[in-house]
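In what follows, a structure is listed as structure tokens, so that the remarks can point back to it.
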Amino acid sequence: MTGQKEQALALVQDAVSRAKLEHKKCWLEMKDEHGFEHSGEHLRKFGSAFKWLEENDLVDFSQIKVSDYDKPNYKETTEITKDGSHKSDKLIEMNEAQGKDETFLLEAHGFDADIWEITGARNSIFNVNAKGGITKTLYSSKITVKKKIDGFNIDKLIEKFNSIKPIKVKRPTKSSKRMLSVAFVDQHFGINTFSHYERKLSETLEIFESREWDTIYIPIGNDLLHNNNHKGQTANGTQIESVDMDFATEEAYKFYTTLIDSALTNSVNVIADYIPGNHDSDITWMFTKMLAKLYPQVKWNTSIDAKKMFRWENILLVNLHGDKGLNRVAESLIKEYRDMMVNANTVEIHSGHLHSEKVIDKYGILVRTLPTDALTDQWHKDNTFEGAVKVSQIFEYNENMLKNIHYV
């Protein structure tokens, strides 16, 4: 008698799930599966009635437990492949809807859905016999997963921003009348690492420490990061090589916090501008906003304007990435920014994008396409930029003119 009750309860629970559309087994199939003596149409009507009872809080069939079933001797396996993917094969109790829910499947197999994503899944019905002659439906579930490339989570990002404690650095109060512009472009962190740029950073710190500067100007961006998201896309949606964005941003963070710490220690003024790049404009904008909160002693311009104008004494610098409108910038300065150019003895335009060095004199305005010491990524190989000299530049000015170019 007990077995009959358990069998009936299993039928009721399955019928309620079907009436709630939690799975799509046909009523006739369910009738045969549970040994129901009436028609499939009768079972459908019973299921609707059971659902009505639950919806009106007259009974909760989900809380009525059927006796435990004997789980078969199923060989559960896990595997890590050469490409870093993980494979998991488990016997799981679930309904059809849960079998299509990636978060449910990941957690059922023991993976964090914020870190892992499914690249393949297959679920097969695996019926087992419960006590009392009941047939219990389980699923043989096989999934293949890989780590999300950057594990990007906006809630965690906001949490990280809110936890930032500003860094205060003891500053010099007097200086020589010299200014540095740290013209690092196209660094493509993700393709490149902190260790790749460690020599450059060390030589830059030596220059910072060589005197007390009036101003150190640091444009940040210009394709600082290789991807704009974890899908391996640029800011324009172009598909390129995917990199580990979590690792890339950590490496860039280590590089720029070291750089800014030293700049603040050795300069009366530190000014930083965000320069949008075609690879990374969105993600690097957020990265720069984070640095701005971390270093309130720096004067920041984090606007999304493509061109940033910087005036110091009689020096005017214009920074932009150079992927759009570079040929017209000199003309636009003369027409639109005449007031800023008044009494400027030196006017220069600094751009990146092409991973190679080029200097053009336009009406007394030097248009500099800046080089980079980044490794050559696939796009630049395809466009034959791999032969360019690998170097970065820091420009040193007095009040009126360029005095030195430091190659680092």
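Read the figures in this text as sums done on the coordinates, not as results from a lab. Note that this is a predicted model, so its numbers are computed, not measured. Cβ atoms come from the backbone with ideal geometry, glycine included; neighbour counts cover every protein chain shown.
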Angle between the Cα long axis of helix 281-294 and the longest principal axis of the chain, 0 to 90 degrees, nearest 10? 70
Could you state the angle between the C-alpha long axis of helix 2-19 and the longest principal axis of the C-alpha atoms of the chain, as a value from 0 to 90 degrees rounded to the nearest 10? 40
How far is helix 40-55 tilted, in degrees, relative to the longest principal axis of the Cα atoms in the chain, given as a value from 0 to 90 rounded to the nearest 10? 60
Filtering GluC sites (Glu not before Pro) in the stretch 224-280 by DSSP loop and by at most 16 other Cβ atoms within 10 Å leaves GLU241
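Full extension from THR193 to ALA8: what is 0.36 nm times the residue separation minus their Cα-Cα distance, to one decimal in nm? Could the numbers behind the result be given before it?
Working: separation 185, 0.36 × 185 = 66.60 nm, distance 6.33 nm.
Using 0.36 nm per residue and subtracting the Cα-Cα distance, I get 60.3 nm.
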Compute the relative contact order of the chain as a whole-number percentage, counting only Cα pairs closer than 8 Å that sit 6 or more residues apart in sequence. 13
May I ask you to derive the FRET efficiency for GLU209 and LYS20 from their Cβ-Cβ distance with R0 = 51 Å, giving the value to the nearest 0.05? 0.15
Pick the calculated Rg/Rh (Cα atoms, Kirkwood Rh) for this structure from (i) 1.22; (ii) 1.08; (iii) 1.03? (i)
Separation in nanometres of the label points that stand 7 Å from Cα toward Cβ, at GLU336 and LEU375: 3.8
Take the cross-link list LYS82/LYS146; LYS20/LYS100; LYS231/LYS390; LYS177/LYS293; LYS200/LYS324 and give me the ones stretching past 18 Å between alpha-carbons. LYS231/LYS390; LYS177/LYS293; LYS200/LYS324
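Per the helix-only calculation at 222 nm, which mean residue ellipticity applies to the chain, given -39500 (n - 2.57) for every DSSP H run of n ≥ 4 and division by its residues, nearest 500 deg cm²/dmol?
Helices in the chain give a 222 nm mean residue ellipticity of -9500 deg cm²/dmol.
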Which order, highest average first, do 217-225, 307-315, 79-87 follow once you tally other Cβ atoms within 10 Å for each residue and take the mean per peptide? 217-225, 307-315, 79-87
Which residues in the stretch 215-236 place their backbone N less than 19 Å from a point set 7 Å from the Cα of ASN404 along the Cα-to-Cβ direction? 215-218
